[in-house]
Amino acid sequence: MLMTEPEQVVAGPAWLETFRREGRARFEKLGLPTVRDEDWRYTRLDGIRKGEFVTAQLVSAHDLGGVRALAPFAFEGLDAQRVVMINGVFSEELSEFDSAGDDAVVQTLAQAIEREPAMLENYLTHFSQEDDAFASLNSAMLNEGVVIHVPANVQVGRPIHLLNVTVASQVQTVAHHRCLVVAEAGSAVTVIEHYVALDGGDATNNVNSAGEKVGGVGGNVWGGGYFNNAVTQVFAKRDAKVEHYFVEQESDQAFNIQTLDIHQEQGSDVASHSALFGGALVRNNVHPVLDGEGTQCLINGLYVGSGTQQLDNAMRVEHAKPHGDSRQFYRGVLNDKAKAVFSGRIVVAKGADKTDAKQSNSNLLLSDHAQANTKPQLEIYADDVKCTHGATVGQIDEKAVFYLRSRGIDEATARGMLVYSFAAESLDRMALEPVRRKLAGALVEKMALGEVLSVVLGGED
Amino acid sequence: MSEVLLEIKDLHASIDGQPILRGVNLTIHAGQVHSIMGPNGSGKSTLSKVLAGHDAYEVTGGSVKLLGVDLLEMSPEERALAGLFLAFQYPVEIPGVSNTQFLKAAVNAKRLHDGLEELDAAAFLKLMREKAKLVELPLDLIKRSVNEGFSGGEKKRNEIFQMAMLDPAMAILDETDSGLDIDALRVVASGVNAMRESGGGGRSFLVITHYQRLLDYIVPDYVHVLVEGQIVKSGGKELALELEDKGYGWIEEELAASAT
Ligand SMILES: Nc1ncnc2c1ncn2[C@@H]1O[C@H](COP(=O)(O)OP(=O)(O)OP(=O)(O)O)[C@@H](O)[C@H]1O
Ligand SMILES: [Mg+2]
């Protein structure tokens with residue numbers, strides 16, 4: 001059921017047909033992973049396996065209640081280009097991005113197939129995770145997507161906000177989104193991939209800042225889990241700078257498998273930020289390959305789980321050339337029966353001398369039933385390298401709670417401050433202040449830190 | 001005589017079923033400085049933490065009143081809001097929470113409790129500058145996470161800085177002098193003395209220390225000796241000199257003699 005044919009398949013050149021066919025063949029051979037696969041030990045895919053998915057369809061802007069329905073998903077104060085996908089399908093009506101000038105770097109997959117087929121073929125087929133079932137499935141179903149191609153030495157001024165909206169539906173839907181970012185030599189671009197949900201019922205995301213429900217489609221409610229299976233490929237050419245955000249704020253009905261495949265050339269500087277708030281089951285794969293001398297890669301993430309959420313982060317950082325610096329910082333806050341996984345694999349290839357790879361993962365458990373599994377894996381085939389890793393799973397420091405209370409701060413605020421500050425360390429690494437602010441708000445709301453926000457964030461000097 | 005600020009009567013407390021405080025009696029009037037000395041493990045920090053409301057300790061008997069109100073019924077934050085302050089022997093490091101955020105929350109909680117308006121950012125900054133000067137605490141230290149990576153002396157100075165910010169009626173200083181260099185000791189002591197004079201002279205201090213040196217700077221009205229969870233001897237400031245000179249052995253001998 002995962003390979004239902006979309007209504008309208010974008011016809012393409014022969015290579016595209018081959019690309020899809022090969023993806024299909026790989027997926028059929030690999031099948032869905034099970035907990036017997038080392039990389040999926042802690043995450044059961046029963047919900048996806050048993051799902052009766054149909055391909056999701058576009059909903060018109062009118063039916064959604066106009067562009068206003070998207071207001072709650074904006075990053076206040078951020079002047080961004082907006083590319084909107086509704087149920088995995090590009091919505092021209094709701095999108096607004098530059099078509100002239102330096103910032104005009106966005107095309108739909110269909111447009112790119114027409115305009116730059118050779119470039120597209122070259123990069124789409126250059127994918128380092130051939131043995132990944134979900135990425136193969138995504139290739140098999142390749143039909144919708146966004147291509148961001150930044151010419152050499154162009155610094156894209158307005159960040160690109162790629163808003164992926166799933167609208168509540170009575171049936172289970174699936175979408176296979178693809179995003180390709182090619183930053184040519186010396187260029188710079190920021191891309192925010194943002195997954196959200198709209199419904200007429202009680203999805204928590206589509207509430208505006210005044211607390212009122214907005215959007216929603218004819219009182220639609222979820223008919224069962226839906227599935228977003230997305231692949232993003234980033235190519236940072238020589239000295240290019242790419243900042244990528246994955247912001248997961250979907251409903252609790254979502255299965256979301258994200259694969260971010262990064263390819264870095266000499267002197268390039270890439271940052272990947274992940275913020276996992278929503279979804280029933282989220283798998284966040286981040287795979288940078290530092291394939292040039294003197295590259296830098298920051299892999300930063302925050303996952304905040306409650307209820308029965310399963311948030312699984314799988315890092316695979318490959319140092320292929322000398323003098324690469326990678327920094328992995330992942331933090332998780334888990335309440336109720338939420339479960340999280342962090343597996344951080346660092347592979348240093350033979351000859352990748354003077355590699356400097358750091359990894360740290362910290363987990364804060366707020367309930368006795370929350371769980372975090374953390375697993376560093378180092379594979380080092382070079383001689384002269386610096387590799388450090390550290391992982392912690394702990395509870396709120398009661399000594400710190402007492403210390404704060406002894407200064408007159410009430411217990412709830414004291415605990416809230418400690419949770420907030422734990423998570424804020426991840427947010428602080430994000431370059432875009434409006435993103436940080438929105439996520440701080442999401443954190444406060446999700447963990448019911450209430451008053452803390454005003455105390456902690458109010459009038460920061 | 002001035003009003004009674006803190007009144008401890010026959011206080012018993014234990015931890016993990018082990019009795020540590022075994023009948024402490026102590027009355028502190030407004031404006032007085034009392035000092036507690038005593039051997040390691042005699043219960044000095046236990047007393048201070050029981051007073052501050054640490055829930056690891058079980059109060060098994062006795063009473064404590066702050067300005068006539070039952071202290072033991074209050075939560076730690078209520079005690080702080082009622083005017084009690086403890087400068088910890090071992091201040092806690094809190095990564096991620098900046099001193100500024102933390103103090104702002106604390107100061108405004110206190111102001112709210114006192115029926116005052118919250119301080120705005122500018123007023124708060126001004127207050128912070130002024131109090132930091134009092135203990136010569138560098139401002140860049142204040143911007144950092146609470147006590148994180150602070151040296152031993154910096155932590156102690158930060159405690160006194162917090163005390164100055166919170167303006168308590170009753171301050172307990174648990175070995176604030178340990179870890180301070182000679183100059184810092186003088187600075188911190190003069191900060192305490194400045195606070196002693198401010199606030200109409202009604203502020204009281206309970207100074208826990210092992211060393212007479214601190215009491216040269218912060219001159220106490222009374223000195224008490226705590227041994228095995230009880231105050232076994234009290235006197236004027238000369239008692240501290242005598243202890244410095246002779247240690248605790250003679251007191252323990254005196255006790256043994258009177259017991260037989
Ligand atoms: N969790 C615990 N379980 C058992 N005994 C404890 C526990 N915590 C503290 N104690 C004991 O309580 C006694 C009093 O400790 P306290 O810290 O109050 O001493 P102190 O007088 O402050 O000593 P110092 O001068 O060394 O600071 C000590 O013997 C200590 O070992
Ligand atoms: Mg002590």
Work out how much length A:R49 to A:E76 would gain on full extension: take 0.36 nm times their residue separation and subtract the Cα-Cα distance, in nm to one decimal. 5.9 nm
Suppose every Lys and Arg Cβ carries +1 and every Asp and Glu Cβ carries -1, with no other charges. What dipole size does the protein assembly as shown come out with about its Cα centre, to the nearest 20 debye? 360
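Starting with the highest mean, order B:119-126, B:204-211 by the number of other Cβ atoms within 10 Å, averaged over the residues of each peptide.
Values: B:119-126: 13.8, B:204-211: 22.2.
Result, highest mean Cβ count within 10 Å first: B:204-211, B:119-126.
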For region A:284-326 and region B:125-174, what is the separation of their Cα centres, given in Å? 39
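Work out the mean other chain Cβ neighbour count within 10 Å for the residues of B:91-100 and drop it here as an integer. If you can, show how the numbers build up before the last one.
Working: counts 1, 9, 4, 10, 7, 11, 11, 4, 0, 2.
Mean partner-chain Cβ count within 10 Å for B:91-100: 6.
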Cα centroid separation, region B:60-87 to region B:1-17 (Å): 9
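Of the peptides A:13-23, A:257-267, how do they stack up when ordered by the mean number of other Cβ atoms within 10 Å, highest first? All intermediate terms of the calculation are to be shown ahead of the outcome.
Details: A:13-23: 14.9, A:257-267: 23.2.
Answer by packing, highest mean first, reads A:257-267, A:13-23.
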Would region A:14-291 count as rounded, prolate or oblate if I go by the C-alpha gyration tensor, calling it rounded below 1.5 in a/c and otherwise prolate when a/b exceeds b/c, oblate otherwise? oblate
Calculate the length of the line joining the C-alpha centroid of region B:191-237 to that of region A:341-412, in whole Å. 44
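Is the shape of region B:144-199 best called rounded, prolate or oblate, per the rule: a/c under 1.5 gives rounded, else a/b larger than b/c gives prolate, else oblate, with a ≥ b ≥ c the square roots of the Cα gyration tensor eigenvalues? All intermediate terms of the calculation are to be shown ahead of the outcome.
Details: a/c = 2.10, a/b = 1.36, b/c = 1.55.
Oblate, since a/c reaches 1.5 and b/c is not below a/b.
Pull out a ≥ b ≥ c, the square roots of the eigenvalues of the alpha-carbon gyration tensor of region A:155-204, then state rounded if a/c is under 1.5, prolate if not and a/b is larger than b/c, and oblate in the remaining case.
Numbers: a/c = 6.40, a/b = 2.39, b/c = 2.67.
The shape class here is oblate.
Please give the average number of partner chain Cβ atoms lying within 10 Å of the Cβ of each residue in A:409-417, rounded to a whole number. Intermediate values should be presented prior to the final figure.
Values: counts 11, 7, 3, 0, 4, 6, 0, 1, 7.
Averaged over the peptide's residues, the number is 4.
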Specify the angular offset, from 0 to 90 degrees and rounded to the nearest 10, of the alpha carbon long axis of helix B:121-134 from the longest principal axis of the alpha carbons in chain B. 40
Ordering of A:37-47, A:313-323 by burial proxy (mean other Cβ atoms within 10 Å per residue, highest first): A:313-323, A:37-47
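Across peptide A:394-403, what mean number of C-beta atoms from other chains lies inside 10 Å of a residue's C-beta?
Working: counts 0, 0, 0, 4, 4, 7, 8, 4, 9, 13.
For peptide A:394-403, the averaged partner shielding equals 5.
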Sticking with the crude label model, points 7 Å out along Cα→Cβ, report the distance from A:K29 to A:D384 in nm, one decimal please. 4.0
Distance in nm between label sites at A:R115 and B:E73, each 7 Å beyond Cα in the beta-carbon direction? 7.5
Anything over 29 Å Cα to Cα? Flag those among A:K29/A:K50; A:K399/B:K143; A:K446/B:K65; A:K50/A:K337, in the order listed. A:K446/B:K65
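Gain in length, A:D336 to A:K375, computed as 0.36 nm per residue apart minus the alpha-carbon separation, to one decimal in nm? Show your work: numbers first, answer last.
Numbers: separation 39, 0.36 × 39 = 14.04 nm, distance 2.19 nm.
Between A:D336 and A:K375, full extension yields an extra 11.8 nm.
Throughout, read-outs are computed from the coordinates displayed, never taken from laboratory work. Not measured: the values here are computed from a predicted model. A quick note on method: Cβ atoms are made from the backbone with ideal geometry, for glycine too, and the neighbour counts reach across all protein chains shown.
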